[in-house]
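Right, one structure below, let's go through it.
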Amino acid sequence: MAVRKIVRLGHPALRSRSEAVTPEELASASLQELIDDLLATVVEAEGVGLAAPQVGVKLQIFVYESEPQTEGEPGRYEAVINPSVEPESEELEYDWEGCLSIPDLRGLVPRHPEVRLFGLDRHGAPIDRLLTGFTARVVQHEFDHLHGVIYLDRMRDLHSLTYEDEFEALLDEAEQAGESSAVG
Ligand code: NI
């Protein structure tokens with residue numbers, strides 16, 4: 001297990017469509033190692049999600065925090081291979097997002113508050129989960145990475161785009177220090 005370098009905006013993998021993973025590839029040692037590395041890398045970066053293109057690999061794989069951390073307990077992460085994400089309704093909610101490949105910035109992004117996540121787990125077993133709120137937002141963000149889309153593309157306008165330290169000052173002012181943004 002190794003922490004890999006997270007590529008930043010400008011790297012072509014972030015603007016490419018990723019390839020689906022074949023069953024043979026999924027069973028291979030190199031792909032299982034990639035999944036281990038994605039898990040190690042997202043934990044090291046203190047992110048809530050990470051997609052393979054963010055380490056320069058154009059394959060349809062992401063990891064996300066499936067069980068958020070609680071006091072004293074680290075979060076749990078799940079890998080999803082060849083995912084699809086279906087919104088449960090047309091509804092959209094705005095909340096803050098950031099991206100490990102676009103350091104230090106945050107912006108308000110509309111996302112569906114409830115989605116169904118389909119795909120395969122790392123052993124090839126089907127995944128079918130109904131996700132809401134913060135976790136639904138994270139998987140929409142990571143899914144976009146597999147199609148060359150970044151959260152800046154999803155912003156309706158750029159007026160809320162802010163540096164993280166300014167954002168934290170804003171939150172302090174509003175006495176919402178308990179809130180944080182989804183960074184993946
Ligand atoms: Ni991201």
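Okay, here's what the table says:
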| quantity | calculated |
| --- | --- |
| Amide H within-cut-off set for Glu19, under 5 Å, with H built and near neighbours excluded | Leu59, Gln60 |
| Calculated FRET value between Arg116 and Glu33, using beta carbons and R₀ = 22 Å, to 0.05 | 0.15 |
| Exposed-site-free run, longest, the chain (rule: trypsin sites (Lys or Arg not before Pro); DSSP loop; at most 13 other C-beta within 10 Å) | 18-155 |
| DSSP-defined beta bridges in the chain - what % are antiparallel, rounded to 5 | 90 percent |
| Projected label distance in nm at Gln69 and Val3, using a 7 Å step from Cα toward the beta-carbon | 1.3 nm |
| Virtual spin-label span in nm between Leu92 and Asp153, 7 Å along Cα→Cβ | 1.5 nm |
| Surface share of carbon and sulfur [accessible, 1.4 angstrom probe, percent] for the chain | 48 percent |
| Cα centroid of the stretch 35-94 to Cα centroid of the stretch 123-144, whole Å | 8 Å |
| Student exercise, the chain dipole from Lys, Arg, Asp, Glu Cβ charges, in Debye to nearest 20 | 920 debye |
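The values are calculated or read from the model by the stated rules, or taken from the named source; none is laboratory data. All of these numbers come straight from a predicted model, not from anything done at the bench. Cβ: placed from backbone, ideal geometry, glycine included. Neighbour counts: every protein chain shown. Note: areas computed on protein heavy atoms with side chains; ligands, DNA, RNA excluded. Shrake-Rupley method; radii C 1.70, N 1.55, O 1.52, S 1.80 Å.
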